[in-house]
Amino acid sequence: MYTAGNRIAWLQGPGATCSGTGRVPTRPWHLVLLGPPGVGKGTQAERIVAEFGACQLSTGDVFRYAARDTSGHAPSPAMATALAAMRRGELVSDDTVVELVRERAQCLNCRFGFLLDGFPRTLDQARALDEILAGLQRTLDGVINYTAPEALIVERLSGRRVCKQCRAGYHLTNKPPRVADRCDACGGPLVQRDDDKPEAIRVRLQAYAATCDPVLAYYRGQGLLREIDASGDPDSVFAATSGVINRLQQRARH
Ligand code: AP5
Ligand code: MG
């Protein structure tokens, strides 16, 4: 069992150093998680981090961290535009997202390995990632694509709640807190993400449908893509995920 660090170098960008990262895995993984909004990437990422040690690098988390910035500094114009797009459920521009990842390239070189969650989302982003990794003389071990029927995804997104203080995730019926509207871990209030409101959910699903196929084809062409049906409960989806990662490991040995 590995413990997650505070990922501050990823969330804040250059100049910040992570702490609390614990034991270094003997085999650092370099993986990408793909799949529609709400399919369960973040839920599985948490378990992959605990079992395999890789650090979760979510581009959505970087934007949410910037949105909560209490330093009193106004966000850069590019970040302000990105946050407005995110609230509407639209994709942030490729230029902004790629720049953000490029600035954090040190995280792709991390000794814990990495688990990219929510990036890349377009073909241009996938190509840019390959270029960044080539600069680091690194390659991906695999790309996992989670799928589930749209009705299930809408149900997962509309029932999701997150702790306003510690960002722990819940679901009104699938993963309810012990006390209504209060975080089990820190007692903070549970809130709904702005982009989990019905109008934004619709826009997000459309944005995903419009951009996912070329990305999937790109990684299929590289022999990296592994498909997982994510319609079961989190344990069964994680069992399938572990199976995929273990098979990737066996393949790497031969
Ligand atoms: P991002 O944060 O990446 O969001 P997303 O892709 O829309 O995915 P979510 O985080 O909403 O869902 P998830 O798959 O992690 O599901 P979760 O595990 O939480 O991006 C947000 C926004 O940022 C984008 O819309 C865009 O604006 C911008 N952005 C980010 N990256 C970008 C990029 N690369 N390019 C352009 N723009 C970018 O699960 C959801 C719920 O379901 C939870 O309540 C959970 O408890 C429950 N659940 C999960 N798994 C199960 C299960 N197996 N059974 C039952 N319930 C489950
Ligand atoms: Mg997520």
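Within the full protein context, the accessible area of C110 is estimated at about 40 Å² for a probe radius of 1.4 Å.
Over the chain, dividing the summed -39,500 (n - 2.57) contributions of all DSSP H runs of at least 4 residues by the number of residues returns a 222 nm mean residue ellipticity of -14500 deg cm²/dmol. Ligands, DNA and RNA are left out, and with a 1.4 angstrom probe the accessible area of segment 1-136 is 44 Å² per residue.
Taken about its Cα centre, segment 130-210 carries a charge dipole of about 440 debye when Lys and Arg each add +1 at the Cβ and Asp and Glu each add -1 at the Cβ.
Accessible area per residue was computed with a 1.4 Å probe on protein heavy atoms; T147 scores about 60 Å².
Keeping every protein chain present and rolling a 1.4 Å probe, give me the accessible area per residue for segment 137-195 in Å².
55
DSSP beta bridges fully contained in the chain are about 30 percent antiparallel.
With contacts taken as Cα pairs under 8 Å and at least 6 residues apart, segment 1-83 reaches a relative contact order of 33 percent. When the surface is traced with a 1.4 Å probe over the full set of protein chains, R226 keeps roughly 60 Å² accessible. Centre-to-centre, using Cα atoms only, segment 64-130 and segment 5-22 are separated by 15 Å. For segment 95-254, the Cβ-based charge dipole about the Cα centre amounts to some 480 debye (Lys, Arg positive; Asp, Glu negative; other atoms uncharged).
When the accessible area of segment 1-136 is computed with all protein chains present and a 1.4 Å probe, what percentage of it is carbon and sulfur?
The nonpolar share, carbon plus sulfur, comes to 52 percent.
Shown here for segment 131-190: GluC sites (Glu not before Pro) in loop regions (DSSP other than H, G, I, E, B) with at most 11 other Cβ atoms within 10 Å, of which there are none.
The values are calculated or read from the model by the stated rules, or taken from the named source; none is laboratory data. Bear in mind that the values here come from a model prediction, so they are computed numbers and not experimental data. A quick note on method: Cβ atoms are made from the backbone with ideal geometry, for glycine too, and the neighbour counts reach across all protein chains shown. Protein only, heavy atoms only, side chains kept; ligands, DNA and RNA dropped before computing areas. Shrake-Rupley method; radii C 1.70, N 1.55, O 1.52, S 1.80 Å.
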